[in-house]
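One structure, pasted below without further comment.
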Amino acid sequence: MAILVLGGAGYIGSHTVYELIDAGREVVIADNLETGYREAVHPAAAFYEGDIRDRAFIDSVFEKESIDGVIHFAANSLVGESMTNPLKYYDNNLCGTKVLLESMVAHHIDKIVFSSTAATYGEPERVPILETDHTDPTNCYGETKLSMEKMFKWTSQAHGLRFVSLRYFNACGAHVSGKIGEAHNPETHLIPLILQVPNGQREYISIFGDDYDTKDGTCIRDYIHVTDLAQAHILAMDYLLEGGENNIFNLGNGVGFTVKQVIDAARAVTGHSIPEKMAPRRAGDPAQLIASSDKAKNILGWKPVHADLKHIIETAWNWHKNHPQGFTEER
Ligand code: UFG
């Protein structure tokens, strides 16, 4: 019996596949390679290229393979793009998940772990954020993820399917082997953009706003290593396989770092001066996002092991300096 990883050629998906295979699990990947990379597909996994919006495609995977449960990463995830092209997000994230759920129900596959996000909360009322806190997304990406959570809830009530939603905070870092890492095009995330400076691809890093109500005026985020996120998916799938009920978990380290602190840590890791320039605030950025992950620790037994910020940046640097263009030259 295998675990089907949708979006297993993407950043967090590929790291989860590596951990599943290390744990001796059988893995089937489906990915349309729109933002994922064939080179990120683990050689020990079965791979199907196709789109979850294509009912015939997803049906055929369930018919050919013996699937125990699904881990669902297949979605668009750029906050800025979701604001300029919201219907793309409704189409891929919501319509894709609808087709997937129809196919799962038809094939009696009743367990799913899926990628949600801190963006479901919007501007938090307090930090650390609890799963029970108010959800009011400030961008369309977060809105579609929150709607996906609700789609799972109602489908669960009607058809008995069980789900775990994992709300990631700031995913970062790369596999310690250096074989896979973060490769987005366009890149919008802070750590890979900072590392483009010592890699000779960018002259300076822009800091989006230094007038926030934080200790140095820059935004605070909870940076969580991608391999720690990957482990949480395995624990969540095991929880469902053991009969666990529907649940939602935050995944973060519970510690916040400012943008300036992250740049300083990258200077220490790379030995490069990494010039910085002040820039205006980026629309929709909350001042602080810090997770309470006590629930994941207590119920799933999750324990982040790559929590140290410099270590996280070291793993990212090891990847980016050896793969300055990511997986491929062109995209
Ligand atoms: N930042 C800069 N300069 C840059 C890039 C980012 O100062 O060149 C700042 C941002 O303003 C933000 C922080 O660095 O304060 C982190 O930005 P990222 O883009 O790396 O990450 P976000 O916090 O915006 O996004 C993350 C996830 C999203 C999720 C969001 C929830 O990547 O998927 O948290 O708000 F939706």
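Please give the helix 226-241 orientation as an angle from the longest Cα principal axis of the chain, in degrees from 0 to 90, rounded to the nearest 10.
The angle comes out near 20 degrees.
Still on this structure: Decide, for the range 50-186, between rounded, prolate and oblate: order the square roots of the alpha carbon gyration tensor eigenvalues as a ≥ b ≥ c, take rounded if a/c falls under 1.5, and otherwise choose prolate if a/b is larger than b/c, else oblate.
Cα axes put the range 50-186 in the prolate bin.
Right, next: How big is the Rg/Rh ratio for the range 127-263, C-alpha atoms only, Rh by Kirkwood, two decimals?
1.02
Moving on. Please state the relative contact order of the range 112-262 as a whole percent: Cα pairs under 8 Å, 6+ residues apart?
On the way: 210 pairs, mean separation 43.6, N = 151.
Over the range 112-262, the number comes to 29 percent.
Also: When only Cα pairs under 8 Å and 6 or more residues apart are kept, what is the percent relative contact order across the range 1-134?
Numbers: 191 pairs, mean separation 32.7, N = 134.
Relative contact order for the range 1-134 comes out at 24 percent.
Among all the lysines, which ones have a C-alpha under 25 Å from LYS88's C-alpha, if same-chain residues fewer than 8 places away are not counted?
Partners found: LYS98, LYS145, LYS150, LYS153.
Name the shape class, rounded, prolate or oblate, that the alpha-carbon gyration tensor gives for the range 26-72, where a ≥ b ≥ c are the square roots of its eigenvalues, rounded holds for a/c under 1.5, and otherwise prolate holds if a/b is larger than b/c and oblate otherwise. Working shown, then result.
Working: a/c = 1.97, a/b = 1.15, b/c = 1.70.
Taking the square roots of the gyration eigenvalues as a ≥ b ≥ c, the range 26-72 is oblate.
Just to confirm, what accessible area per residue do you get for the range 19-86 at 1.4 Å probe, in whole Å²? Intermediate values should be presented prior to the final figure.
Values: 3070 Å² over 68 residues.
Using a 1.4 Å probe on heavy atoms only, each residue of the range 19-86 averages 45 Å².
Among 225-235, 118-128, how do they line up by average Cβ neighbours within 10 Å per residue, starting with the highest?
Details: 225-235: 23.7, 118-128: 19.5.
Ranking the peptides 225-235, 118-128 by packing returns 225-235, 118-128.
State to the nearest 20 debye the size of the charge dipole of the chain about its Cα centre, where the only charges are +1 on K and R beta carbons and -1 on D and E beta carbons.
Values: 29 positive and 44 negative charges, 64 e Å.
Charge dipole of the chain: 300 debye, to the nearest 20.
Can you give the convex hull volume of the alpha carbon atoms of the range 124-164 per residue, in Å³? List each step's numbers first, then the result.
On the way: hull volume 3.3 nm³, N = 41.
Enclosed volume per residue, from the Cα hull, is 80 Å³.
Counting pairs of alpha carbon atoms under 8 Å apart in space and at least six apart in sequence, what relative contact order in percent does the range 103-194 give?
Numbers: 93 pairs, mean separation 29.1, N = 92.
Relative contact order for the range 103-194 comes out at 32 percent.
Convex hull volume of the Cα atoms in the range 245-331, per residue, in Å³?
On the way: hull volume 16.3 nm³, N = 87.
Per-residue hull volume (Cα only) is 188 Å³.
In addition: Return the carbon/sulfur percentage of the accessible area of the range 172-331, one whole number, probe 1.4 Å, all protein chains in place.
In the range 172-331, the share of accessible area belonging to carbon and sulfur is 47 percent.
Given that compact globular proteins tend to follow 2.2 N^0.38 Å, what is the ratio of the alpha-carbon Rg of the chain to that value? Kindly include the intermediate steps, with their values, before the conclusion.
Values: Rg = 19.0 Å, N = 331, 2.2 N^0.38 = 20.0 Å.
In units of the globular-protein estimate, the chain measures up at 0.95.
At a 1.4 Å probe radius, carbon and sulfur cover how many percent of the accessible area of the range 34-168?
Taking all protein chains in place, the range 34-168 shows 53 percent carbon and sulfur surface.
Roughly how tilted is helix 140-159, in degrees to the nearest 10 and between 0 and 90, from the longest Cα axis of the chain?
Helix 140-159 and the main axis of the chain meet at about 20 degrees.
What's the angle, to the nearest 10 degrees (0 to 90), between helix 11-22's Cα axis and the longest principal axis of the chain?
In the chain, helix 11-22 runs at an angle near 60 degrees to the longest axis.
With a ≥ b ≥ c taken as the square roots of the eigenvalues of the C-alpha gyration tensor of the range 1-125, please select rounded if a/c is under 1.5 and otherwise prolate if a/b is larger than b/c or oblate if it is not?
prolate
The values are calculated or read from the model by the stated rules, or taken from the named source; none is laboratory data. All values derive from a computational prediction rather than experimental measurement. Glycine also receives a Cβ, built like all others from the backbone with ideal geometry; neighbour counts cover every protein chain displayed. What goes into the accessible areas is simple: the full protein's heavy atoms, side chains included, and nothing from ligands, DNA or RNA. Shrake-Rupley method; radii C 1.70, N 1.55, O 1.52, S 1.80 Å.
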